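Written out below as structure tokens is the structure these notes cover.
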Amino acid sequence: RFQATALAGENTEAAESFRTVVSALSYAAVKEGHEGAQVFLLSSCVPSEGKSTVAANLAVALAREGHRTLLIDCDLRRPTAHAFFVGAHNAAGVAELLAGRKSLEESLQASGVEGLALLAAGARVPNPGHVVGSQALAALLLRLRGEYDRIVLDGPPALVVNDGLLLAARADHLLLVAAAGESTRRALSAAAERMEAHGVEPLGVVLNKAETDSGRYRAYYA
């Protein structure tokens, strides 16, 4: 289980790196002419590259910049987003909400960070791809665009399952997360090509676990 310490403190070197990522995303949105709520999908090539860590920290950074932000765990096969926040749980979330067993109000959780709400994945479902590609999820995101400025989707790895391709159609921007010293150029190219073949062009790559001169790990956007 991840601990809340996986989230960068507000005045740390790691937090500054995520503020840099937020600035880059804001510039890209303006350059591309996007207005209103923005939905960001975070994916990676394979598991264990830090995708969920980056998604959680990006959501925190967006909230700290004054954006009403929602983090949604759409990795229904390996849900972990709730584990970054003290007191959060995975007892109810996307699965229960879309199945009609819980309302949105009952499913949303406080994160402990001002301006940031959490929607966990919820119970395991027999067909995650069907859920993330459903019209019910599309309708939910459309509703949430009217309530939040920024929505961060923690999606599954792009080279493992097709869920990410289905989610990409619901998002405005796709960000690939790569782990320094672990992710290969071949895997990144394969993931990008797979997305582009389905009409989805990644906005950029966030390099996670990049060691700085201070010996600490940060995330970089490229």
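Numbers below:
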read-out: Residue under evaluation CYS74, criteria (1) surrounded by 16 or more Cβ atoms within 10 Å (Cβ to Cβ); (2) farther than 27 Å from ALA187 by Cβ, criterion not met; value: (2)
read-out: Residues being open to solvent by less than 40 Å² (accessible area, probe 1.4 Å), closer than 18 Å to LEU207 by Cα and either modelled with pLDDT of 85 or more or in a loop (DSSP other than H, G, I, E, B) (or both) - total across the stretch 22-48; value: 7
read-out: Some residue of the stretch 157-166 being under 19 Å from LEU70 (Cα atoms), at pLDDT 85 or above and under 19 Å from the mean Cα position of the chain (by Cα); value: no
read-out: Within the stretch 139-190, considering residues that are among the charged types (D, E, K, R) and buried (at least 23 other Cβ atoms within 10 Å of the Cβ), the one farthest from VAL125 (Cα to Cα); value: ARG150
read-out: Residue match in the stretch 204-212 (condition: acidic (Asp, Glu) and at pLDDT 80 or above); value: no
read-out: Residues of the stretch 1-19 satisfying the condition of being open to solvent by 20 Å² or more (accessible area, probe 1.4 Å) and modelled with pLDDT of 85 or more; value: ARG19
read-out: Neighbours by Cβ (under 9 Å, 6+ apart or cross-chain): first from the stretch 178-197, on the phi > 0 side of the Ramachandran plot; second open to solvent by 40 Å² or more (accessible area, probe 1.4 Å) and not small (Gly, Ala, Ser); value: GLY181/LYS209; GLY181/GLU211
read-out: Check on GLY133, open to solvent by 20 Å² or more (accessible area, probe 1.4 Å), at pLDDT below 95 and at positive phi; value: no
read-out: Of all residues in the stretch 78-99 being of a type in the set (Gly, Ala, Ser) and surrounded by fewer than 21 Cβ atoms within 10 Å (Cβ to Cβ), the one that is farthest from the chain's Cα centre (by Cα); value: ALA99
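The values are calculated or read from the model by the stated rules, or taken from the named source; none is laboratory data. Owing to the predicted nature of the structure, the values given are computational and were not obtained by experimental measurement. Here Cβ is always computed from backbone atoms with ideal geometry, including for glycine, and neighbour counts include all displayed protein chains. Heavy atoms of the whole protein, side chains included, go into the accessibility calculation; ligands, DNA and RNA do not. Shrake-Rupley method; radii C 1.70, N 1.55, O 1.52, S 1.80 Å.
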